[in-house]
Amino acid sequence: MSSPVSRAESATASTPHPADGGSRRRPAVRRAAALAGAAAASLACWAVAAPVAGIDLTAYKGGAVQPVGAGSVVFAALLAGSAAWLLMAVLERTVQRPRRIWTVAAVAVLVLSLAGPLVSAAGTASMLVLMGLHAVPAAVLIPVMGPTAAARR
């Protein structure tokens, strides 16, 4: 027969933490949602800029002007999100406070990534939209994925 304390402890252990929306209980679900959200937000930004507003999204690559299409935008967001997830997993296994280190790294990568559109965009409007396409996935990934970090015990 179990005591009331052990029943209460077991109920608490299986209940998601309300303050973080259960992210401690199911970090993979929240991280996958962050990935999907980053890709969807990037695609929406691209759709408003390119087909709707008519901005010619192009960048110089290898000396030639290349169009930036929807597939490239989604692929880049998914790649960035997957790299963020991988880094989080490594940090969770190797450092005491992975969230802080991951957040600093994520912001640093965002800042460095903004150099790409600055030097390779084929026009001012294209440069501004491409910079936005770098910031939009970060705006989803950092606040959604960051709180899922589990401190090492």
(request) Could you please let me know if residue 129 is β-branched (Val, Ile, Thr), in contact (Cβ under 8 Å) with a residue 40 or more places away in the chain and within 19 Å of residue 67 (Cα to Cα)? (result) yes
(message) So for the range 65-75 (the condition being more than 13 Å from the chain's Cα centre (by Cα), assigned to a loop (DSSP other than H, G, I, E, B) and over 18 Å from residue 34 (Cα atoms)), does at least one residue qualify?
(response) yes
(request) Kindly indicate the residue of the range 43-68 that is surrounded by fewer than 14 Cβ atoms within 10 Å (Cβ to Cβ) and within 23 Å of residue 109 (Cβ to Cβ) and also modelled with the lowest pLDDT among those meeting that condition. (result) 61
(message) Among the residues that make up the range 96-105, is at least one of them at pLDDT below 95, surrounded by fewer than 17 Cβ atoms within 10 Å (Cβ to Cβ) and either closer than 18 Å to residue 40 by Cβ or not small (Gly, Ala, Ser) (or both)?
(response) yes
(message) Please verify whether residue 147 is touching a residue at least 24 places away in the same chain (Cβ under 8 Å), under 19 Å from the mean Cα position of the chain (by Cα) and farther than 19 Å from residue 41 by Cα, treating the condition exactly as stated.
(response) yes
(message) Between 87, 133, which is in a helix (DSSP H, G or I) and out of contact with any Ser or Thr (no Cβ under 7 Å at 6 or more places or on another chain)?
(response) 87
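Residue-wise test of (1) of a type outside the set (S, T, N, Q); (2) more than 13 Å from the chain's Cα centre (by Cα).
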| residue | (1), (2) |
| --- | --- |
| 91 | yes, yes |
| 95 | yes, yes |
| 101 | yes, yes |
| 117 | yes, yes |
| 126 | no, yes |
| 131 | yes, yes |
| 135 | yes, no |
| 142 | yes, no |
(message) Return the residues of the range 23-69 that are small (Gly, Ala, Ser), over 18 Å from residue 142 (Cα atoms) and touching a helix residue (DSSP H, G or I) at 6+ places or on another chain (Cβ under 6 Å); say none if nothing qualifies.
(response) 49, 59
(request) Answer with yes or no whether residue 74 is more than 18 Å from residue 148 (Cα to Cα), of a type outside the set (Phe, Trp, Tyr), out of contact with any Asp or Glu (no Cβ under 8 Å at 6 or more places or on another chain) and surrounded by 12 or more Cβ atoms within 10 Å (Cβ to Cβ). (result) yes
(request) Scan the range 33-54 and report the pairs whose first residue is without any contact (Cβ under 8 Å) to a residue 40 or more places away in the chain and whose second residue is in a helix (DSSP H, G or I) and surrounded by 22 or more Cβ atoms within 10 Å (Cβ to Cβ), with Cβ atoms within less than 7 Å and a gap of 6+ or a chain change. (result) 43/73
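The values are calculated or read from the model by the stated rules, or taken from the named source; none is laboratory data. These numbers come from a predicted model, not from an experiment. Because the Cβ atoms are built from the backbone with ideal geometry, glycine has one as well, and the counts that use them run over all protein chains shown.
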